[in-house]
Every structure is written in C-alpha cells, then in structure tokens.
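I have placed the structure first, in the form of structure tokens, so that the comments after it can refer back to it.
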Amino acid sequence: MLKTLGIHHITAMVNDAQRNIDFYAGVLGLRLIKKTVNFDRPEVYHLYFGNETGDPGTVITFFPWEQQLKGRIGTGQVGVTKYIIPTGSSAFWENRLSSFEVEFTSFVLFGEKTIKFSDPDGLQLELVERSEGPVNTWSTDEIATENAIKGFGGAVLYSAQPHKTKAVLEDILGLEFVGQQEEILRFRSAGDLGNIIDIQLHPSIRGLMGAGTVHHIAWRAKDEAELLEWRALLEEKGYYPTEIRDRNYFKALYFHEEGGILFEIATNPPGFTADEPIDTLGSKLMLPEWLEAKREELEQTLPKIEIRSLGGDK
Ligand code: ZN
C-alpha cells in the first residue's frame, strides 16, 4: 500500500512580500530557500521558506499579492500549520514572540507543549515541542540551532466532511489513525517531519480563499513512479486528479478531497538545489526557462524585498 511520509509543503496567500519575509525569516528564523514567481501569474512572487536545505516536510510557500482580498479561515482549508521546536525551547519562543508583540496562547495538547499565534496576515500557526525530527542546521544571529524550528509538526485540517477526509488520509495517503482527543482526530504518517495530521471535528464556518488562508497542502511522494501509482489509485477511487505538472523543484498532481481541501502530491526530487547551490539558496530571483526572456521586466515590476535582521530576544 502507498504511504506518504507526510507533508511535502504548505502553500498560503498573503498580502505583503516584505512583511512575509520579515515574519518567516526574521521572527521565526526560517531560511528563504527560493525566490521565484507564480508560474501561472509571473507578476506575483512565489517565496519558499524551510530548513537550511529546504527538505520536504519543512517548506512553507507564499504568494504575496497586495491587491488580494482577505480570506476567511474555515472549512475546506488547512486551519492551522504546526511547526516542531526542540524540546525545552518553549520559553525561548515565548520570549521571542513577546519581544515582537506577537500575541500567543500556550497549552498542552496530546501531552505536548504548544504555543499558538497568528502571522501578520492572520494564518494560524503553532510551535510544538517535540524530540522527533532532525535538527535544523540553519541558525541566525538571534536563533541558535538548539532553538531553531525543525520543520512542520503537522497541520489541522478544517474539513467540511471530517469522516470523508479521514478516509482519504487512511485509504489514499496511508496515514494511521492515532486517536481522538476532544474535537480532534489525530493521524500519523511514516516520516518524522510533517507527520502528525489532525482533523478538527465540527468546525464552524465555511472558509473563503484569500489573503491569510492556506491554499493547499502537499504530501510527499518518493519519486515520479510513486506519483503515477497515486494518480492511478485516485482515479480508481473516483477522484479527479490533475495531470502531473512540472513545478521545477518537484513534480505534482492536485485533487480536491471531499471535505473541500485542495490536496497536492509532490515528489521529493529534484528538490530546491536543482537550480542553485545550497550556499546561495534564495538569494537570486529564479525563473523557469520559459520566463527568462521576461526577467528584466519582472525584476523591475516585482516589489523590492530583502532578508533583514530584526533583533528581538535571543
Ligand atoms: Zn504546492
């Protein structure tokens, strides 16, 4: 049976590119691993943040577009994106969030220390203390590797039909049901990053796509052969997967599960070092071949952005 290792990446929509970089690179200390454009709308950036090497399971991506209307978090969406922080680093992160005046709540869920807050566009995030997952070797002036976010801990799915989404996680993606606590159904995948997936039972309102919401969640496939197997399985089970698309850093297919959430399955290879070396990941605007002819125009019209140190508590 096919089993995903877990989340490959999560993609969300926001309004301001610089504010997005300041938060994910500056406050959270993730590495901007790829600066490119939306291949379907090249006048909009596509920014990727992850661990030092941009491993699948660590990568959140954004389409920052100023004119985009604000969305609403609700059913048919990924409601919460969870990150793993090293065991014992909660106090560091609480101090750090406080120093940037980010409001948060702290609680224990399934026995894990959890800090919940929103990013500047309203996306719901959690930092979860967990010993699982490799250490992130990327550090900044303010965030040493011993405190650095390792990658995704998982996600909370706000499904419009929780039990149908449960079936997709189990029967298509090969996740194991762990148990239920209050309003949460919990699942686990075979990997150690992006591996704990929750379904929130009885979520309240219908989500509206727009700035401050997650656009889709992608699951890991080992390679293109496995992706083709998944495509066949989806068709057999009555879903309508897209053709396999070349996203430069991975191959992917997309389908809507019955709870309304857009799912993608994406290959690990070739990865984010396909067009630039590890040392300089994210420093240059990378374009697919067919957009190279428009480089000059794009570099002039895309907003100027930079990675900058914001200080804050160490
Ligand atoms: Zn994607």
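The values are calculated or read from the model by the stated rules, or taken from the named source; none is laboratory data. Owing to the predicted nature of the structure, the values given are computational and were not obtained by experimental measurement. So basically every Cβ, Gly included, is an ideal-geometry build from the backbone, and we count neighbours across all protein chains shown. The protein model used for the area step is the full one, side chains on, heavy atoms only, and it has no ligands, DNA or RNA in it. Shrake-Rupley method; radii C 1.70, N 1.55, O 1.52, S 1.80 Å.
At a glance:
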{"quantity": "Distance violations [Cα-Cα > 27 Å] among Lys3/Lys237; Lys113/Lys222; Lys150/Lys284", "calculated": "Lys113/Lys222"}
{"quantity": "Accessible-area ranking of Glu258, Glu112, Glu296, Glu276, largest first, probe 1.4 Å", "calculated": "Glu296, Glu258, Glu112, Glu276"}
{"quantity": "Glu226, Glu94, reordered so the largest accessible area comes first (probe 1.4 Å)", "calculated": "Glu94, Glu226"}
{"quantity": "Local electrostatic count, Tyr240, Cβ distance below 14 Å [Lys/Arg +1, Asp/Glu -1]", "calculated": "-4"}
{"quantity": "Exposure rank, largest accessible area first [Ser99, Ser131; 1.4 Å]", "calculated": "Ser131, Ser99"}
{"quantity": "Whole-percent carbon and sulfur share, accessible surface of the range 7-301, 1.4 Å", "calculated": "49 percent"}
{"quantity": "The chain, helix-only ellipticity at 222 nm - DSSP H runs n ≥ 4, -39,500 (n - 2.57), divided by all residues, nearest 500", "calculated": "-3500 deg cm²/dmol"}
{"quantity": "Surface accessible to a 1.4 Å probe, Val108 within the full protein complex, Å²", "calculated": "100 Å²"}
{"quantity": "Sequence-distant residues sharing a close amide H with Val14 (under 5 Å, placed H)", "calculated": "Phe63, Trp65, Gly212"}
